[in-house]
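First the structure, in the form of structure tokens, and then the observations on it.
Nothing in this text is a laboratory measurement; each read-out follows from the coordinates by a stated rule. Since the structure is predicted, the reported quantities are computational estimates derived from the model, not experimental observations. All Cβ positions, glycine included, derive from the backbone under ideal geometry; neighbour counts span all protein chains shown.
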Amino acid sequence: MKYISTRGEAPSLSFEDVVLTGLASDGGLYVPETLPKFSKEEIASWAGLEYRELALKIMTPFVANEIPEADLKNLIDKSYDSFRHEAIAPLVQTGHNEWILELFQGPTLAFKDFALQFLGHLLDYVLKKRDQKVVIMGATSGDTGSAAIEGCRDCENVDIFILHPYQRVSEVQRRQMTTVIEKNVHNIALEGNFDDCQNMVKASFADQSFLPEGRQLVAVNSINWARIMAQIVYYFYAGLALGAPHRAISFSVPTGNFGDIFAGYLANQMGLPIEQLVIATNSNDILHRCISDNDHSKKPLIHSLSPSMDIMVSSNFERMLFDLYGRDGAQIKKLMEDFKSGSMVLSDEALEKARELFSSYRLDDNETIDVIREVFEKTEYLLDPHTAIGVQAARETRRSSETPMVCLSTAHPAKFPEAVKQAGQTEDPALPHHMSDLFEREEAYEVIANDMEKVHGFIKSNINA
Ligand SMILES: *Cc1c(COP(=O)(O)O)cnc(C)c1O
């Protein structure tokens, strides 16, 4: 399968090259040239498949001709062996026709493990095949860094450098990164904020001359296509469990960069009947404003109790726009240029199309806390703050109570004790068993000034030969 850029001017690439590339050379994001489609009969025949078996069915067409099926199966099996729950993505009922899809059963307790466990094994496989070594560089405000480190800790051909803002991530989040003591894992605590970390990474991708010869940077943020691909699977998995393809399902998704919910959109395009996709945002509500008022303008970042959704610009939205504009790269290029200077306005036609499938809702911190408290009082089910936003957004925007509503639970509440405490819990939620000694483990990280030369110097002297 070939992959093309949303801005229409970069060369098309193979699957493996897309995984190693990140942004396209024209500034766009890569998407499949044609999306695989499954018939109703074919989807129906998957009822009862185990998560890994289903993942193989869904991912195969995306990598066909490049990765033999037996190898892909092996990568998938290894990726999900690290999950603590037999079902990988268990469903829990919390109301009439209302379900929680628990996506936090992976090693770092957030849904990002679904994609990053897979990406780690995939990179290891591709790089060994090509006899190539790469450097991963990423910025994190919390969840991405730990999931990426966990995913790549055993990759022999990868050195991973993750920048987090010094003293500005929670202790659980920091320790999940810094207690992975491997010679290819390098944690940098940058003396700055998350934006400084991100700018440092962006500038490094733009000019990679600081790297030793033969090395290139690889991106593990959600612009990496393999991450999106891996996330399509759980929409099918939950849908099949609740009666698809014979009935439609709705999903509510706590949204930041639009990667997770974009995978839901793709599942729908590939044949899964979806009635409604709810974009649930916190106070950083650019997507909610866009869908409800056609206001897609940048506003200052607000630090919320759901930090993994504290995002000013949702980069994967560009992939959605590409489809809404009939896959016309020139129009996307123009839109993104408009947006660069502050805001973009969608055409009536594009907005109408988006609203057929998507609804949106925004919750601030106080509302989020109220939801955690109320759901716990009624059901004794403890939501993390991101998931709480999804649950309430679903309730506020639901089109039909007869259609099952699945709220994606993107993190375990133990990752966000602050919000949980504010919702009236007197004790911190317990970390799962495999992490219960997290606070006793040895840590390793380097505090570095917000200075490009110092960071590059550290990277250069720590890359393994
Ligand atoms: C990353 C993350 C999100 C946002 O997902 P996107 O794909 O960026 O929209 C939501 N919740 C949690 C807990 C996350 O870690």
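Mean projection of the alpha-carbon convex hull of region 178-220 over all orientations, in nm²? The partial results should precede the final answer.
Numbers: hull surface 16.2 nm².
Result: 4.1 nm².
If a spin label sat at a point 7 angstrom from the Cα of Ser343 along the line to its beta carbon, the backbone N atoms of region 285-307 nearer than 19 Å would be those of 285-302. Any idea what diffusion coefficient region 217-329 gets from Stokes-Einstein, in µm²/s, Kirkwood Rh on alpha carbon pairs, 10 °C, 1.306 mPa s? Calculated translational D: 106 µm²/s. Once the convex hull of all Cα atoms in region 258-298 is built, its volume per residue stands at 77 Å³.
Computed over region 94-148, the P(r) curve from all C-alpha pair distances, binned at 10 Å from the origin, holds 20, 38, 26, 11, 5, 1 percent per bin.
Within the straight-line cut-off of under 19 Å between alpha carbons, the aspartates and glutamates reachable from Lys299 are Asp195, Asp196, Asp285, Asp310, Glu318, Glu337, Asp338, Asp364, Asp365, sequence neighbours fewer than 8 places apart in one chain being disregarded. Of all the C-alpha pairs in region 226-289, what % are more than 19 Å from each other? Of all Cα-Cα pairs in region 226-289, 30 percent lie more than 19 Å apart. Cross-link check: pairs Lys78/Lys202; Lys112/Lys460; Lys2/Lys298; Lys73/Lys129 evaluated at a Cα-Cα cut-off of 26 Å; pairs beyond the cut-off: Lys78/Lys202; Lys112/Lys460; Lys2/Lys298.
Count the DSSP beta bridges whose two residues both fall in the chain, then state the antiparallel fraction as a percent rounded to the nearest 5. Just about 25 percent of them are antiparallel.
Put simply, the Cα atoms of region 328-377 extend 52, 27, 15 Å along their principal axes, the longest span coming first.
Each residue of region 46-94 gets 89 Å³ once the volume of the Cα convex hull is shared out per residue.
How much net charge surrounds Val31 when only other residues with a Cβ under 12 Å from its Cβ are counted (Lys, Arg +1; Asp, Glu -1)? That sum, taken over residues with Cβ under 12 Å, equals +1. When the GluC sites (Glu not before Pro) in region 20-51 are filtered for DSSP coil states and for at most 13 other beta-carbon atoms within 10 Å of their beta-carbon, the remaining sites are Glu33, Glu50.
Please compute the alpha carbon radius of gyration of region 77-190, then divide it by the globular-protein estimate 2.2 N^0.38 Å. Two decimals is fine.
Values: Rg = 15.5 Å, N = 114, 2.2 N^0.38 = 13.3 Å.
Taking N as the residue count of region 77-190, the ratio is 1.17.
Projecting the alpha carbon convex hull of region 272-380 along each direction and taking the average yields 8.4 nm².
Taking the three principal axes of the alpha carbon atoms in region 320-424, the coordinate ranges are 51, 36, 19 Å, sorted in descending order.
Where does region 183-246 land on Rg(C-alpha)/(2.2 N^0.38 Å)? Please report the intermediate quantities before stating the final value.
Working: Rg = 18.5 Å, N = 64, 2.2 N^0.38 = 10.7 Å.
Compactness ratio reported: 1.74.
Across the chain, C-alpha contacts under 8 Å between residues 6 or more apart give a mean separation that, scaled by the residue count, equals a relative contact order of 19 percent.
Would you tally the net charge around Ala248, using a Cβ to Cβ cut-off of less than 11 Å, leaving Ala248 out, and scoring K and R as +1, D and E as -1?
It works out to a net charge of 0.
Based on every Cα atom in the chain, Rg and the maximum pairwise Cα distance Dmax equal 20.9, 59 Å.
Lys and Arg at +1, Asp and Glu at -1: add these up for the other residues within a Cβ distance under 9 Å of Gln105 and post the number.
On the way: positive: Arg84; negative: Glu102, Asp113.
Once positives and negatives cancel, what remains is -1.
Debye-formula intensities of region 1-108, expressed as log10 I(q)/I(0) at q = 0.20, 0.22 Å⁻¹, are -1.12, -1.16 (one equal scatterer per alpha-carbon, no solvent). Inter-label distance, Asn199 to Lys40: 5.5 nm, where each label sits 7 Å from its Cα along the C-beta direction.
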